[in-house]
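Reading through the structure tokens given below for one structure.
None of the figures in this text is laboratory data; all of them are computed from the coordinates on show. Note that the structure is a prediction, hence the values are computed from the model and not measured. Quick reminder, even Gly has a Cβ in these numbers, built from the backbone with ideal geometry, and neighbours come from all protein chains shown.
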Amino acid sequence: MATLDERPSTKRWLPLEANPDLINQFLWSLGLPPDEAESCDVYGLDDDLLQMVPSPVLAVFFLYPLTSKTKEERLQQENEKRENSNKVYFMKQTVGNACGTIGLLHALGNITSEIKLVEGCFFDKFFKTTASMDPMQRGVFLENNREIEVAQVLMDFQGKLLII
């Protein structure tokens, strides 16, 4: 289990599938109303392809493969001292394979003034509870949260059902 001294956790989740339909179900099941925001694919960054993206755009996720070079760069960045801004919602990833979930939480945490969450839902409670925590405390809080872990497993199961 992760602790506040930043030792990595051995806990691993099944990764979220990069499928807008599944991501939408995940977001909506945890308290983002469907009429507030939805996920879609972006097929490229040229003007013609960007016109296919519904607007307004509130967040963009860039998916790329991890290489030894990107891992090396990430470790180098982690060693640099940085001051955390209270204007940016950020959390450390303490659970393996949770990068998709962390990305979604980063996106939602930074647009809470632009969207309305269902009062009392997972996201509403999560952001209110973690608002005054530092990034590592937020990561550990997420790691120990059973509700989002179960939602993650259900999304993996739904993804497998779509394949059948």
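Given 0.36 nm per residue, what is the gain on full extension from Gln137 to Leu63 after removing their alpha carbon distance, in nm? Please report the intermediate quantities before stating the final value.
Values: separation 74, 0.36 × 74 = 26.64 nm, distance 2.56 nm.
Answer, rounded to one decimal: 24.1 nm.
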With springs only between Cα atoms under 10 Å, which of Asp47, Asp124, Asp134 fluctuates most in a Gaussian network model of the chain?
Asp47
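Rounded, prolate or oblate: pick one for segment 48-107, where a ≥ b ≥ c are the square roots of the eigenvalues of its C-alpha gyration tensor, a/c under 1.5 means rounded, and failing that, prolate if a/b is larger than b/c, else oblate.
Numbers: a/c = 2.02, a/b = 1.47, b/c = 1.37.
Taking the square roots of the gyration eigenvalues as a ≥ b ≥ c, segment 48-107 is prolate.
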So which lysines pass the test for Lys69, namely a Cα distance under 24 Å, with those fewer than 8 places away in the same chain ruled out?
Lys81, Lys92
What three numbers, in Å, describe the spread of the alpha carbons of segment 16-148 along their principal axes, ordered from the longest?
40, 40, 26
Obtain the nm distance between the two label points defined at Asp41 and Ala18 by a simple spin-label model: each point lies 7 Å from its Cα along the Cα-to-C-beta direction.
1.1
Projected onto the charge dipole of the chain (+1 at Lys/Arg Cβ, -1 at Asp/Glu Cβ, origin at the Cα centre), which of Thr94, Ile111, Leu22 gives the Cα projection farthest towards the positive end?
Thr94
Of all GluC sites (Glu not before Pro) in segment 86-164, the ones in DSSP coil with at most 16 other Cβ atoms within 10 Å are Glu114, Glu119
Which value in deg cm²/dmol, rounded to the nearest 500, describes the helix-derived mean residue ellipticity at 222 nm for the chain, given -39,500 (n - 2.57) per DSSP H run of n ≥ 4 and division by the residue count?
-13000 deg cm²/dmol
Cross-link candidates for Lys87: which lysines have Cα within less than 21 Å, leaving aside residues fewer than 8 places away along the same chain?
Lys116, Lys125, Lys128
Computed over the chain: relative contact order in percent, which uses C-alpha pairs under 8 Å that are six or more apart
40
Using the Cβ atoms and a cut-off under 11 Å, what net charge is assigned to the surroundings of Met52, where Lys and Arg are +1 and Asp and Glu are -1?
-4
Where is the GNM fluctuation largest for the chain (alpha-carbon springs, 10 angstrom cutoff): Leu14, Leu45, Leu75?
Leu75
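Write down Rg/Rh for segment 1-86, rounded to two decimals, with Rg from the C-alpha atoms and Rh from the Kirkwood relation over Cα pairs. Working shown, then result.
Working: Rg = 17.4 Å, Rh = 16.8 Å.
A ratio of 1.04.
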Among all the aspartates and glutamates, which ones have a C-alpha under 20 Å from Lys71's C-alpha, if same-chain residues fewer than 8 places away are not counted?
Glu6, Glu80
Can you tell me which of Leu63, Leu154, Leu22 moves the most in a GNM of the chain? Springs connect C-alpha atoms under 10 Å apart.
Leu63
